[in-house]
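What follows is a single structure, written as structure tokens, with notes after it.
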Amino acid sequence: MELAVAVIITIVTAATPLLIAATGELVVERSGVLNLGVEGMMVIGAVVAFAIAHGTGSPYMGIIGGIAAGVFLSLLFGFLTLTLATNQVATGLALTLLGLGLSGAIGEPYVGLPGTKLQPIEIPLLADIPFFGPVFFKQDIIVYVSFALVAGVAWFLFRTRSGLTLRSVGDSQTSAHTLGIPVIRIRYLAVMFGGACAGLAGAQLSLAYTPQWVENMTAGRGWIALALVVFASWRPLRVIAGAYLFGAVTIGQLHAQALGFGIPSQLLSSLPYLATIAVLVIISRDRRLTLVNTPASLGKPFVPDR
Amino acid sequence: MRLELEKRSEHSTFYSIASPFIAIGLTLVFGAILFAVIGEDPAEALYIYFVSPLTSTWSLHELAVKSAPLILIGAGLSLCFLSSNWNIGAEGQFVMGAVVGSMMPIVFPDVQNSLVLPLMIIMGMAGGAAYAFIPAFLKTRFGTNEILTSLMLVYVAQLFLDWLVRGPWRNPEGFNFPESRAFHEYAILPEVLESGRAHYGAVFAILAVLGLAILLSKTLKGFEIQVTGQAPRAGRFGGFSTAKMTFFAFLLSGALAGLAGVSEVSGAVQQLRPVVSPGYGFTAIIVAFLGRLNPIGVLFAGILLGISYLGGEEAQIVLGLSDKITRVFQGMLLFFVLACDTLILYRIRLVSKRAPSLAMGEN
């Protein structure tokens, strides 16, 4: 029991950055914008959060810095794709390449330095529940934020007028524009929200998951988050299932590496990536399902007629 | 004040040629600012980055070694991107080309004759193409997003190579270093000139550029690529199959990435190591866009990005700057390229709240 709880706690920690980044990207894609730069924003969030936490001694300042850095990069992406109507796929790739390069340069002096670990906060009473207490209510603040984030996004998208507006922009940009909805402004807000989430997810990696800075420490998690959005067929609550599934795969392969079993560690390390491919194939096999759920304007640049 | 786009009635010929140069200019300006901020003399730093690699015979050879893989991969990718097939896993196809191409000298080191090298090159191309087949198959058969699958396969290929050189392919006489045995003389891609290290990879790159330029401008296939990419519906009415095009684009770009991979290990490295590429497959994406998805453009773009790699190494030695700055430059360049490409299709206007004013890019 003790061991099971310990393992499941690490699964929650491993799933949290995926959950946060995927939820952010889900909102972006619901508004009709495909931002492939999640990996870049995440890795910048990680390095800036680490640097600020190291400088100030406060992981909470680090979190704020990580979020700000993610938003800053997302604005670059927004300026190109929304104001200048550039190709979203290419610009997202550019954002990832720039983010990886920039984070390497910013992070160089921080390699090998001890990090400032984000401490867990116990929620009174709830933390005493057997099993669920330690797993869900003795976690750090980012885990709690991730729960609130998914619930908030699910409520916002499907229970509020603004959420409906955002979805309409993603489903038919020209109709929304004709109705007088400010398409570009809404997309800017969505892209910035996605940037904030990716930055926060990065901060979780360098402050909570492994409190240190290692170059390219996101290791493809931003891309896995993108895959999770497809897996969840653009529904927030399904992202939870996907993120925790991947958290479990990640932690499972780490334990398998520790135990040995004679399986090459590299094969085990590649499992999350292979699982992503497998999941994408399974989901995309049902073309009707994908077609119904994909925001119809996803990835199409929008230039209003004047 | 805000920016507004106004669609041009037709593509601007001026900007379709000028936009990469404007982008390079902007990158240099921002680079100068960046250097000033970190306390280096901008003029000296830019000289070291972009001019000094061209000043000695040695560095020109190094430039050929670095640019050849970028051009080979970038040329293939531009064909992919033209036909709207988003292969971003060239890094993985490069690695698999290197791995499969190295089988002869590593697994059969006793086979030493002049057939080994041609066989290695064919196997390297086949390895890269086979690896690119996976995302193409998943896309055409199941409609799976090729961006994500091709990228995930990069990580898998890197881990596979890592396993090989630490496990079954580790040099038995190598004191447990994670590297394969050194290639024998028949497995080494020869140098082109006596004066330096530049190997036949550079020749392959030029041949690939010429071949693809002819394919795109002079053949029906080239027309088909452009139509499928720009107007897939029109392409289908014309009897072009998008599925076949996906396979064609992926297999060709995979084969070129594989060729780059095997050329790199047999020409420059001459053995397998846990890491065989400083991100060539990703930098080649920048090369493809900077070259405006045109093979001849890719040739020049590949040389420029090759210069930035060499300049980065030089700056590390002379100024003690981090080699990571190179990646920042490269990322910035792609951003500016994409931004400047907007000028081809649109005029950019600065609009004040009251009345339209000041139009930029009047050509």
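Points worth noting:
- Of the GluC sites (Glu not before Pro) found in the stretch B:190-248, those in coil by DSSP whose Cβ has at most 13 other Cβ atoms within 10 Å are B:Glu194.
- Rounded D (µm²/s) - the protein assembly as shown, Kirkwood Rh over Cα pairs, Stokes-Einstein at 10 °C, 1.306 mPa s: 61
- Taking the longest Cα principal axis of chain B as reference, the axis of helix B:220-230 is set at about 60 degrees.
- Diffusion constant of chain B at 20 °C, which comes from Stokes-Einstein with the Kirkwood Cα-pair radius and 1.002 mPa s, µm²/s: 99
- Summed side-chain charge close to A:Leu100 - residues other than A:Leu100 whose Cβ falls under 9 Å, Lys, Arg +1, Asp, Glu -1: -1
- Comparing mean-square fluctuations of B:Phe248, B:Phe142, B:Phe35 from a GNM of chain B with C-alpha springs under 10 Å, the top value falls on B:Phe142.
- At least 24 Å along the helix axis (C-alpha) and Kyte average at least 1.0, DSSP helices within chain A: A:2-30, A:38-56, A:59-78, A:88-107, A:141-159, A:183-204, A:236-259
- Averaged over A:218-229, number of beta-carbon atoms from partner chains that fall within 10 Å: 2
- On Cα atoms only, tilt of B:146-166 relative to the major axis of chain B in degrees: 30
- Pairwise FRET efficiency - A:Ala241 versus A:Ser162, Cβ, R0 = 30 Å, nearest 0.05: 0.70
- Least to most buried among A:His54, B:His199, B:His11, B:His184 (fewest other Cβ within 10 Å first): B:His11, B:His184, A:His54, B:His199
- One chain, two ends: B:Leu215 and B:Phe30. Fully extended at 0.36 nm per residue, the span grows by 62.9 nm beyond their Cα-Cα distance.
- Relative contact order of the stretch A:33-136, pairs being alpha-carbon contacts under 8 Å that are 6 or more residues apart, as %: 36
- Selected from B:Asn145, B:Asn113, B:Asn85 as most flexible by GNM, with chain B as the system and alpha-carbon contacts under 10 Å: B:Asn113
- Stokes-Einstein diffusion for the stretch B:202-299, with the hydrodynamic radius set to the Kirkwood value over Cα pairs and evaluated at 25 °C in a medium of 0.890 mPa s, equals 163 µm²/s.
- With the convex hull of its Cα atoms as the shape, chain A has an orientation-averaged projected area of 17.1 nm².
- Mean-square fluctuations from a GNM of chain A, with a 10 angstrom spring cutoff on Cα atoms, peak among A:Ala232, A:Ala248, A:Ala258 at A:Ala258.
- Cα pair count fraction exceeding 20 Å, expressed as % - the stretch B:86-291: 59
- Inter-chain Cβ neighbour count for B:286-294, averaged per residue, equals 1 (cutoff 10 Å, partner chain atoms only).
- Cα→Cβ-extended label distance, 7 Å offset, between B:Gln112 and A:Val5, nm: 6.5
- Here the calculated FRET efficiency for A:Thr294 and B:Val351, from their Cβ-Cβ distance with R0 = 22 Å, stands at 0.05, rounded to the nearest 0.05.
- Ranked from largest, the principal axis spans of the Cα set of the stretch B:53-201 equal 47, 42, 28 Å.
- A straight chain from B:Lys7 to B:Phe21 at 0.36 nm per residue would run longer than the Cα-Cα distance by 2.9 nm.
- Once the C-beta distance of A:Ala256 and A:Glu122 is scaled by a Förster radius of 22 Å, the resulting FRET efficiency is 0.10 to the nearest 0.05.
Just so you know, all these numbers are worked out from the coordinates, no wet-lab data involved. Just so it is clear, the model here is predicted, and its values are computed rather than measured. A quick note on method: Cβ atoms are made from the backbone with ideal geometry, for glycine too, and the neighbour counts reach across all protein chains shown.
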